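Heads up, the thing below is written out as structure tokens.
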Amino acid sequence: MTNRYKNCPDGKDRYYYVSIVNGEVAELEVGEGEGPDAEFKIIGDYDVFAQVSRCEITAQKALMGGKFKFKGNLVKGLKLASLADRLNKITSEIPTEF
């Protein structure tokens, strides 16, 4: 999966890429630009990703509301979005500056 964060505070686009094989993280990469091709690609403004991370909006609502562009199998992506929402609920408790 590649998440592409547009309009970061410094004006650049950044990405977060993770490859999971057989339930284990095989690759993890962050950088500037579009990022590698992946089974799923989620593209959105940094501010929307921050709202999702703070649990102010769910990943599913962001996808269905057009706040994220999604490339890949949407049905499978929506199932994984609910898992991401559960993880975000836990991580939203960690004090973070956006």
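What follows draws every value from the coordinates through simple rules; no lab data is involved. Everything numeric in this text was worked out from a predicted model, so none of it was measured. FYI the Cβ positions are ideal-geometry reconstructions off the backbone, even for glycines, and counts take in every protein chain you see.
At-a-glance table
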item: Test result for ALA62, within 11 Å of the chain's Cα centre (by Cα), under 14 Å from ARG4 (Cβ atoms) and among the aliphatic types (A, V, I, L, M); result: yes
item: Any chance ALA59 is in contact with an Asp or Glu (Cβ under 7 Å, 6 or more places away or on another chain) and not acidic (Asp, Glu); result: yes
item: The listed residue being among the charged types (D, E, K, R) and within 12 Å of LYS69 (Cβ to Cβ), out of ASP37, ASP13, ASP45; result: ASP45
item: Residues of the stretch 65-79 satisfying the condition of being over 21 Å from LYS6 (Cβ atoms) and surrounded by 11 or more Cβ atoms within 10 Å (Cβ to Cβ); result: ASN73, LYS76, LEU78, LYS79
